Amino acid sequence: LLKCRTVDPVVFLDSKGRAYTVTAGDLPPARGDGAPASSLVDVQDGARIMHALAGKADLPVMVASSGGYGFLCKLGDMTSNRKAGREFMTIEASEVPLAPVVYAESSAKMVAALSAMGRLLVFDVAEMRSVARGRGVIIMGLDPGETMLAVTLLPGRSVKVLGTGRAGKERTVDLSGEKFDHYVGRRARMGRVLPDKLKPIGFPELAAGKDPEK
């Protein structure tokens, strides 16, 4: 569910890092399934649409790939007036873009990154780089064959991680205070193993579509 105006750009990001743009008012105004995103733009090179975001051109966004790289940008950096879109993220063949994170610059203090092997790294957002396109910087160090599962931006020194425990039951771990500090490091480090052998799924606020202004 994307909150936007009819004149705002809607950006689709495909599995190879290419970005496509349509105007929100051009989307089919109906209930049900609507129209396939791939019918609105010319998806290139056999890729598939993975993510969508919308808003004003100056909307701050953090993007990252499963290969552990990412950068800060504006929504306007992703837009194009061509149905074939534009090259935006540089990613390897084995990688995919993670869900982009829309945020408020006034409240984004720290970056949190999860690895698929159950490690968490938190670092100051000032260590990130703002660029218009490309590969960006290393967010999290990864072992060979390992992937980065999710990233998010935090307003303070606490984070919630959604995952499954030893019995396979889904649970959320809330890390704050000294428990949070245990995972704070520098960008590009490996991070530390989550408590109780938690197998991460992601960050709950991303799944819930939390308003980045709050």
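The values are calculated or read from the model by the stated rules, or taken from the named source; none is laboratory data. All of these numbers come straight from a predicted model, not from anything done at the bench. Every residue, glycine as well, gets a Cβ built from its backbone with ideal geometry; the counts of neighbours run over all protein chains shown. For accessibility, only protein heavy atoms count, side chains too; no ligands or nucleic acids. Shrake-Rupley method; radii C 1.70, N 1.55, O 1.52, S 1.80 Å.
Provide the per residue accessible area, probe 1.4 Å, for the stretch 92-214, rounded to a whole number of square angstrom. Walk me through the numbers on the way to the answer.
On the way: 6750 Å² over 123 residues.
Accessible area per residue, the stretch 92-214: 55 Å².
In a shell of Cβ-Cβ distance under 12 Å around Ser65, excluding Ser65 itself, what net charge do Lys and Arg (+1) and Asp and Glu (-1) give? List each step's numbers first, then the result.
Working: positive: Lys16, Arg135; negative: Glu92, Glu95.
Neighbourhood net charge equals 0.
In whole Å, what is the distance between the alpha-carbon centres of the stretch 134-171 and the stretch 38-52?
The stretch 134-171 and the stretch 38-52 have Cα centres spaced 26 Å from each other.
Taking θ as phi - 60°, what are the ³J(HN,Hα) couplings along the stretch 136-144 by the Karplus curve (6.51, -1.76, 1.60), each to the nearest whole Hz, with x for Gly and Pro?
Using θ = phi - 60°, the values come out as x, 10, 5, 8, 9, x, 10, 6, x Hz.
Among Leu121, Leu153, Leu162, which one shows the biggest mean-square fluctuation in a GNM of the chain, springs joining Cα atoms closer than 10 Å?
Comparing Leu121, Leu153, Leu162 in a Gaussian network model of the chain, the most mobile one is Leu162.
If you only keep lysine pairs separated by 8 or more in sequence, or across chains, how many in the stretch 41-189 come under 29 Å at the Cα atoms?
Eligible lysine pairs with Cα atoms under 29 Å apart amount to 12.
What residue among Leu40, Leu75, Leu154 has the largest mean-square fluctuation in a Gaussian network model of the chain, using Cα springs under 10 Å?
Maximum among the listed residues: Leu40.
Which three numbers, in whole Å and largest first, are the semi-axes of the equivalent ellipsoid of the stretch 124-165 derived from its Cα gyration tensor as √(5λ)? Mind showing how you got there, number by number?
Values: eigenvalues 92, 66, 16 Å².
They are 21, 18, 9 Å, listed from largest to smallest.
With θ taken as phi - 60° and the coefficients 6.51, -1.76 and 1.60, list the Karplus ³J(HN,Hα) couplings across the stretch 111-125 in order, rounded to whole Hz; mark glycine and proline as x.
Karplus values, whole Hz, x for Gly and Pro: 9, 10, 10, 10, 9, 5, 8, x, 10, 10, 10, 10, 8, 5, 4.
Once you list every other residue whose beta carbon is under 13 Å from the beta carbon of Gly141, what net charge do they have if Lys and Arg are +1 and Asp and Glu are -1?
That sum, taken over residues with Cβ under 13 Å, equals +3.
Under the definition of Cα pairs under 8 Å and six or more residues apart, what whole-number percent is the relative contact order of the stretch 137-189?
Numbers: 43 pairs, mean separation 21.6, N = 53.
Taking the mean separation of contacting Cα pairs over the length of the stretch 137-189, I get 41 percent.
For Gly165, what is the net charge nearby, where nearby means another residue's Cβ is under 10 Å from its Cβ and Lys, Arg count +1, Asp, Glu -1?
Local net charge: +3.
Using alpha carbon coordinates only, what is the Rg to Rh ratio of the stretch 152-197, with Rh defined as the Kirkwood radius?
Numbers: Rg = 11.6 Å, Rh = 11.8 Å.
Ratio of gyration radius to Kirkwood radius for the stretch 152-197: 0.98.
Considering only Gly67, Gly165, Gly46, give the residue with the highest GNM mean-square fluctuation for the chain, with springs between Cα atoms whenever their separation is below 10 Å.
Comparing Gly67, Gly165, Gly46 in the GNM, the peak value goes to Gly46.
Translational diffusion coefficient of the stretch 60-125 at 10 °C, 1.306 mPa s, Stokes-Einstein with Kirkwood Rh over Cα pairs, in µm²/s as a whole number.
It diffuses with D of about 118 µm²/s by this estimate.
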